[in-house]
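The values are calculated or read from the model by the stated rules, or taken from the named source; none is laboratory data. For clarity, every value in this text was computed on a predicted model and none was experimentally measured. All Cβ positions, glycine included, derive from the backbone under ideal geometry; neighbour counts span all protein chains shown.
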Ligand SMILES: [Zn+2]
């Protein structure tokens, strides 16, 4: 074969020139893009400064189409709008980011997280829930689940809340056993309200199993057992409560009186209440002992005297008022007016108070209606705190 070397000598410079030309064309393209991108930024910035946010978003979106490396700018913009309370604009920015095909997985999750924050702040809980659910399996998973819990608690959707708490417990994202037990107790309360006592019973048994060291599941289980005419079982549950979580006993005292009466266990109940009262002189325990006509300690007179004896343990206007009600005064004609004034003054002292926010209520709450904290109400009255 005849091989002509001159073709190579001619071809090499030609390839060199063509290569240079094509690289120069690329450079020109890049320069052109870079010129266009800042132009769009300045346009956007100008709109932003002139309070024309929607036009600004359009300009920035145009800029990002020319330069895909501008996701950070969009995140900053989205956060800025959210902080200013302009949620629909923040949503638009984050939705635009999510629609981009060139976004990395990391940035996509970040945009999804931003979108969920926008909906949360805007109070659009349905859409926030949907956005948060999409964060499963992402780096924002634990945070998203906590936000979902808050949504379900606010809407009192205890079933969904329980499902999330179970997942967090399994994934070791914290100890959610106490919270899960509360959700089950809340579900049980709903079921009991609709006379579904057997379902409520099952839920409460599960709650006891999950959080055996908390008072609520046993108190509520004993209540349902008593309603199901299983008073013996209710008595057993209350005995276990007194052993495992005695601090919860003042809350269970009125129920204990009912269960003791149904099972003929008044003496055992009195003994149990006395033992606890000796450790922690609580007015609720004393009231229960007075109802059982049992002295808090040996040989201590009549039930009315026990209130005045209580004053030696704890200064209490409530106890003093209860004692005075049966006392014969030297100026007996003034007694009704004095009694009324004392009862009026001592009434607020019988309330329960949330340790987290100070919200006071006549009834005890496991979930504060003021600040939504769990277990923030001590089992003691305001005067005893
Ligand atoms: Zn509170």
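Filter the range 331-373 for residues that are touching a helix residue (DSSP H, G or I) at 6+ places or on another chain (Cβ under 8 Å), under 21 Å from residue 150 (Cα atoms) and near the ligand (Cβ under 10 Å from one of its atoms) and give the result.
If the condition is that a residue be touching a helix residue (DSSP H, G or I) at 6+ places or on another chain (Cβ under 8 Å), under 21 Å from residue 150 (Cα atoms) and near the ligand (Cβ under 10 Å from one of its atoms), then 367, 372 are the ones that fit.
Quick check: anything in the range 224-239 surrounded by fewer than 16 Cβ atoms within 10 Å (Cβ to Cβ), in contact (Cβ under 8 Å) with a residue 24 or more places away in the chain and either over 39 Å from the mean Cα position of the chain (by Cα) or within 20 Å of residue 347 (Cα to Cα) (or both)?
Scanning the range 224-239, I find no residue that is surrounded by fewer than 16 Cβ atoms within 10 Å (Cβ to Cβ), in contact (Cβ under 8 Å) with a residue 24 or more places away in the chain and either over 39 Å from the mean Cα position of the chain (by Cα) or within 20 Å of residue 347 (Cα to Cα) (or both), so the answer is no.
For the range 89-107, which residues satisfy the criterion of being surrounded by 12 or more Cβ atoms within 10 Å (Cβ to Cβ) and at pLDDT 85 or above?
Going through the range 89-107, the residues surrounded by 12 or more Cβ atoms within 10 Å (Cβ to Cβ) turn out to be 89-98, 100, 103, 107.
Hits for the range 89-107 are 89, 90, 91, 92, 93, 94, 95, 96, 97, 98, 107.
Of the residues 285, 385, only one is surrounded by fewer than 15 Cβ atoms within 10 Å (Cβ to Cβ), under 30 Å from residue 178 (Cα atoms) and either at pLDDT below 90 or more than 16 Å from the ligand (Cβ to nearest atom) (or both); which? Spell out the reasoning first.
Values: 285 fails: surrounded by fewer than 15 Cβ atoms within 10 Å (Cβ to Cβ).
Result of the check over 285, 385: 385.
With respect to the numbered conditions (1) buried (at least 16 other Cβ atoms within 10 Å of the Cβ); (2) at pLDDT below 95, which one is the sole condition not fulfilled by residue 275?
(1)
Identify the single condition in (1) within 23 Å of residue 375 (Cβ to Cβ); (2) in contact (Cβ under 8 Å) with a residue 12 or more places away in the chain that residue 257 does not satisfy, given that it satisfies every other one.
Single failed check for residue 257: (1).
So in the range 58-80, with the set limited to residues that are more than 38 Å from the chain's Cα centre (by Cα) and over 15 Å from residue 47 (Cα atoms), which one is modelled with the lowest pLDDT?
68
Pick from 341, 312, 295: which is at pLDDT below 90 and exposed (fewer than 14 other Cβ atoms within 10 Å of the Cβ)?
Details: 341 fails: at pLDDT below 90; 295 fails: exposed (fewer than 14 other Cβ atoms within 10 Å of the Cβ).
Just one listed residue meets the conditions, 312.
Could you list, ordered by first residue, the pairs with Cβ atoms under 8 Å in which the first is in the range 343-361 and on the phi > 0 side of the Ramachandran plot and the second is within 9 Å of the ligand (Cβ to nearest atom), at least 6 apart or interchain?
Hits for this filter: 358/370.
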